Structures are given as structure tokens and as C-alpha cells.
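Undergrad: I have a structure I would like to understand better, so I am pasting it below and will then ask my questions one at a time.
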Amino acid sequence: MIKSLRALLSTMGDSLRDLAPIILVIAFFQLVVLGQPIPNLIEILLGTFFVVLGLTFFIFGLEMGLFPLGESMAQAFARKGSLFWLIVFAFALGFGTTVAEPALIAVSQEAANVAADAGMIDTDVAAKESYANGLRYTVALSVGLAVLIGVIRIIRGWPIHYFIIVGYILVVIMTSIAPKEIIGIAYDSGGVTTSTITVPLVTALGVGLASSIKGRNPMIDGFGLIAFASLTPMIFVMAYGMFTL
């Protein structure tokens, strides 16, 4: 109990250190450059405290639960020796974590609102919800496929740069033929996908799997799944736009 409390306090200190540059920059420009007092100082200080607290518990939770869970499950599947179930687990993990991403949910809803305002889809709630869900599940499908491919790459020991080169060639080709209204959303989808929920579990999966397979180096083979998860949504969302817009 005492050990966990010390670890929590240490994590809180790290969170304060990480946030300190942001606070100093904002304070400098507000007080020195703009020469204005900070508005609603009490509310801002309270909000900053909650940010530190939230970041502390988030990082502490990752270190205590999600990272060990992802690594242990990857190692268990590797020991089990069942390629089929490992691939199913990889796809389900990528799909499930992406569907739950708060950033992706927010971007999908905003994209639906903008599309409705532009007259690209109907303005009723059902139409916007359908568009947002279609975008969201398209991204989730692409990430599930990306994690699946990444797991196969780790098992086979294939170099990652060939996949990245081919992937971005496809992105360039898709950009030239996709509707211009969807291109920005597609590019943003690659970024918001790799966020608070997806990154810890997918990274732990890659590192745990590479650590469990003889001849694989976790530093070389264990990382790179996030690159796939950022790349494939751009291709899939542009394809989604070609069929829906």
C-alpha cells in the first residue's frame, strides 16, 4: 500500500513537471506579452489542479493495469501457439479500442455536423448519427486490420519500412482521387485514432509479443503498430468518402 502511494506521488510529481512548461508559456504571454491579468484565476487554478490529478491517475493506471495486461495477454497467446486466435485478438483489440476513443467520437460528430451544414448530408439527427457512426466504424475497422497486419509482421520478422512506404504511396494515390471534402477528415482520423486508449494497449501488445518470440527484438520488432494504426485510417476514410459523398 505504501509502495503504491509513493509511486502515485512520484507520478503526480512527473505530471506537474510535464505540465509546468505549458503553464509558464501561457502565463508569460498573458502577463508579459499581452500585459493583461489572467481572467478567472481561481477557476483556471482549479481546472489546472484537475488536469494534474487526471493526468496522474491516467498515467498511473496505464502503468499499473493496461500495459501489464496487454503484455501478459500477448505473451500468453504466443505461448499457446495459436496463430488464428492471436490474429483474432489483435483485430478485436484494434477495433474495440478505436471505437472507444473519445477523440475519434468527437471528430466524427463534428464532421457530421459540418457535413450537414454544408448540405452534403441531411440535417436531421438520424442522418448525422449515421454519418458519424459510419466514419467511426470505418476507422475502427482500419485500425483492427492495421494491428492484425502488424502482428503478422512481428511474427514473420518482416521489415516495417516496406509496409510504411507502400501505405503512404496508397495515401498519395487516394488523395488524388478522393472527394476534397473528406481528405482533411481522413488525415485527422489517423491522428485522433492513436490516442489515450489505443496507444497503451496496442504498444503493450507489440512489445509483449516481440518479447515472447525467439529471435525477435522488442526494440526493433515490438514497436511500429501505432504507425500502422495511424496510416490505415487515412486510406479507409478516403475510400469511405468516395462511396458516401
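The values are calculated or read from the model by the stated rules, or taken from the named source; none is laboratory data. If you're wondering where the values come from, they're calculated on a predicted model, not measured in any experiment. Reconstructed Cβ throughout: ideal geometry from the backbone, glycine too, with neighbour counts over all protein chains shown. Remember, those area values only see protein heavy atoms, side chains included, never the ligands or the DNA or RNA. Shrake-Rupley method; radii C 1.70, N 1.55, O 1.52, S 1.80 Å.
Undergrad: Contact list please: Cβ distance under 8 Å, first residue in the range 203-217 and over 12 Å from residue 157 (Cα atoms) and open to solvent by 50 Å² or more (accessible area, probe 1.4 Å), second residue at pLDDT 80 or above and not acidic (Asp, Glu), pairs at least six apart or on different chains.
TA: 211/218; 211/222
Undergrad: While we're on this one: Considering every residue within the range 179-189, establish whether at least one is open to solvent by 10 Å² or more (accessible area, probe 1.4 Å), over 16 Å from residue 111 (Cα atoms) and either in a helix (DSSP H, G or I) or not β-branched (Val, Ile, Thr) (or both).
TA: No, that holds for no residue.
Undergrad: Checking the structure you have, find out if any residue of the range 131-141 is in a helix (DSSP H, G or I), among the aromatic types (Phe, Trp, Tyr), in contact with a Leu (Cβ under 9 Å, 6 or more places away or on another chain) and in contact (Cβ under 8 Å) with a residue 40 or more places away in the chain.
TA: No, because not a single residue in the range 131-141 is in a helix (DSSP H, G or I), among the aromatic types (Phe, Trp, Tyr), in contact with a Leu (Cβ under 9 Å, 6 or more places away or on another chain) and in contact (Cβ under 8 Å) with a residue 40 or more places away in the chain.
Undergrad: Kindly check whether there is at least one residue in the range 148-161 that is assigned to a helix (DSSP H, G or I), free of Cβ contacts under 8 Å to residues at least 12 places away in the same chain and open to solvent by 10 Å² or more (accessible area, probe 1.4 Å).
TA: Yes, there is a match, as at least one residue in the range 148-161 is assigned to a helix (DSSP H, G or I), free of Cβ contacts under 8 Å to residues at least 12 places away in the same chain and open to solvent by 10 Å² or more (accessible area, probe 1.4 Å).
Undergrad: Listed residues 167, 157, 191; which is on the phi > 0 side of the Ramachandran plot and out of contact with any strand residue (DSSP E or B) (no Cβ under 8 Å at 6 or more places or on another chain)?
TA: 157
Here's the yes/no breakdown for (1) in a helix (DSSP H, G or I); (2) at pLDDT 75 or above; (3) more than 24 Å from residue 147 (Cβ to Cβ):
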position: 3; (1), (2), (3): yes, no, yes
position: 9; (1), (2), (3): yes, yes, yes
position: 39; (1), (2), (3): no, yes, yes
position: 43; (1), (2), (3): yes, yes, yes
position: 55; (1), (2), (3): yes, yes, yes
position: 62; (1), (2), (3): yes, no, no
position: 104; (1), (2), (3): yes, yes, no
position: 107; (1), (2), (3): yes, yes, no
